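What follows is a set of notes on a single structure, which appears directly below.
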Amino acid sequence: RWWVARRGELRPRTRENYEWRLRKHLLPFFADYPVSELDVALVERYREEKVLERERIVAAAAAGQPLRDKRGQRRMPLSNDTINKTLVTLTQVLDSAVERGFLDPNPARGKRRRLKAAKPVRRQLEADDLKELLQVAGEMDRHLYRGLRIGRRPMIAAMAKSGLRVTEMCRLRWRDVDVHHERLVIEDAKTDAGNRQVDLSLDVMEELMAWRAESQPTSADAFVFPTATGRARNK
């Protein structure tokens, strides 16, 4: 009932991720338990089982006999962060159970239910790094890929110098490029707060205009950085 009410609010990729957490991890462990029997000990046992499962997958791979799923695909070990994300989904489901009077309190809620997960270290590009990256991207752009110029340099320039997210860059259409005011109009963002106008520096605007002249879009609805078939790129 929780998922039926929730899934319509999510974007397709996010919905797929939630379904993966539910079907591959949460339901196989919890489905046979009445909601009223879910407690802290059971939630912690789920967490421990995920860690043990990871150890089995790693050990099998090290022994040269990797574990595979029903489709024959190699199973990959879950990180602490991914296990925690399944617990976050469980918390959301059980919040609904608490509201309906099936549980009190929510046994999945609280930091003690989570595994320690290291924050990813992200290296920031310095100005010289970006300049070199743009130069190399431009050199790569001069070589056709399957008869198509990809536009690596303007892609990187648009993201690095405007704060454009990669998914926003993939979905960007020429109608979103306001040449007169030198800005991008982002209206298909992941959240309402993401809908915004992004001012562009002169050099980014020049990159986009040079790319438009080279790519020759057929209409304002055309994607700025399309695939060979004219569709939106993925990340």
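Being surrounded by 11 or more Cβ atoms within 10 Å (Cβ to Cβ), aliphatic (A, V, I, L, M) and outside any helix (DSSP H, G or I) narrows it down to one residue among LEU103, LEU94; which is it?
Unique residue meeting the criteria: LEU103.
Quick one: in the range 8-18, which of the residues that are more than 18 Å from ASN84 (Cβ to Cβ) and surrounded by 13 or more Cβ atoms within 10 Å (Cβ to Cβ) is farthest from the chain's Cα centre (by Cα)?
LEU10
Just checking, how many residues over the range 151-166 are modelled with pLDDT of 90 or more and surrounded by 18 or more Cβ atoms within 10 Å (Cβ to Cβ)?
Residues flagged as modelled with pLDDT of 90 or more and surrounded by 18 or more Cβ atoms within 10 Å (Cβ to Cβ) within the range 151-166 amount to 8.
Considering (1) at pLDDT below 90; (2) loosely packed, with under 15 Cβ neighbours inside 10 Å; (3) more than 17 Å from PRO12 (Cα to Cα), say which one ASP199 fails and leave the rest.
Just one mismatch for ASP199, condition (1).
Within the range 110-117, can one find any residue that is within 22 Å of the chain's Cα centre (by Cα) and over 26 Å from THR82 (Cα atoms)?
Looking through the range 110-117, none of the residues is within 22 Å of the chain's Cα centre (by Cα) and over 26 Å from THR82 (Cα atoms).
For the range 110-132, state whether one or more residues are in contact (Cβ under 8 Å) with a residue 12 or more places away in the chain, among the acidic types (Asp, Glu), part of a helix (DSSP H, G or I) and open to solvent by less than 100 Å² (accessible area, probe 1.4 Å).
No.
(1) modelled with pLDDT under 95; (2) open to solvent by 70 Å² or more (accessible area, probe 1.4 Å); (3) assigned to a helix (DSSP H, G or I); (4) not aromatic (Phe, Trp, Tyr): which one isn't true of LEU52, the others all being true?
With respect to (1) modelled with pLDDT under 95; (2) open to solvent by 70 Å² or more (accessible area, probe 1.4 Å); (3) assigned to a helix (DSSP H, G or I); (4) not aromatic (Phe, Trp, Tyr), LEU52 is out only on (1).
If a residue must be open to solvent by less than 30 Å² (accessible area, probe 1.4 Å) and either under 24 Å from the mean Cα position of the chain (by Cα) or at pLDDT 90 or above (or both), how many such residues does the range 133-143 contain?
Final tally of qualifying residues: 3.
Restricting attention to the range 57-88, which residues are over 23 Å from the mean Cα position of the chain (by Cα), surrounded by 13 or more Cβ atoms within 10 Å (Cβ to Cβ) and in a helix (DSSP H, G or I)?
Of everything in the range 57-88, those that are over 23 Å from the mean Cα position of the chain (by Cα), surrounded by 13 or more Cβ atoms within 10 Å (Cβ to Cβ) and in a helix (DSSP H, G or I) turn out to be ILE57, VAL58, ALA60, ALA61.
So is ARG146 out of contact with any strand residue (DSSP E or B) (no Cβ under 8 Å at 6 or more places or on another chain) and modelled with pLDDT of 90 or more or not?
Answer is no for this residue.
For the range 219-235, name all the residues that are modelled with pLDDT of 90 or more and open to solvent by 90 Å² or more (accessible area, probe 1.4 Å).
ARG231
Kindly check whether there is at least one residue in the range 174-188 that is open to solvent by less than 60 Å² (accessible area, probe 1.4 Å), modelled with pLDDT of 90 or more and of a type in the set (Lys, Arg).
yes
Checking PRO34 against (1) surrounded by 11 or more Cβ atoms within 10 Å (Cβ to Cβ); (2) free of Cβ contacts under 8 Å to residues at least 60 places away in the same chain; (3) closer than 17 Å to TRP2 by Cβ, which single condition isn't satisfied?
Answer for PRO34: the failing condition is (1).
The values are calculated or read from the model by the stated rules, or taken from the named source; none is laboratory data. Bear in mind the structure is a predicted one, so any value in this text is a computation, not a measurement. All Cβ positions, even for glycine, are placed from backbone atoms using ideal geometry, and neighbour counts span all protein chains on display. Protein only, heavy atoms only, side chains kept; ligands, DNA and RNA dropped before computing areas. Shrake-Rupley method; radii C 1.70, N 1.55, O 1.52, S 1.80 Å.
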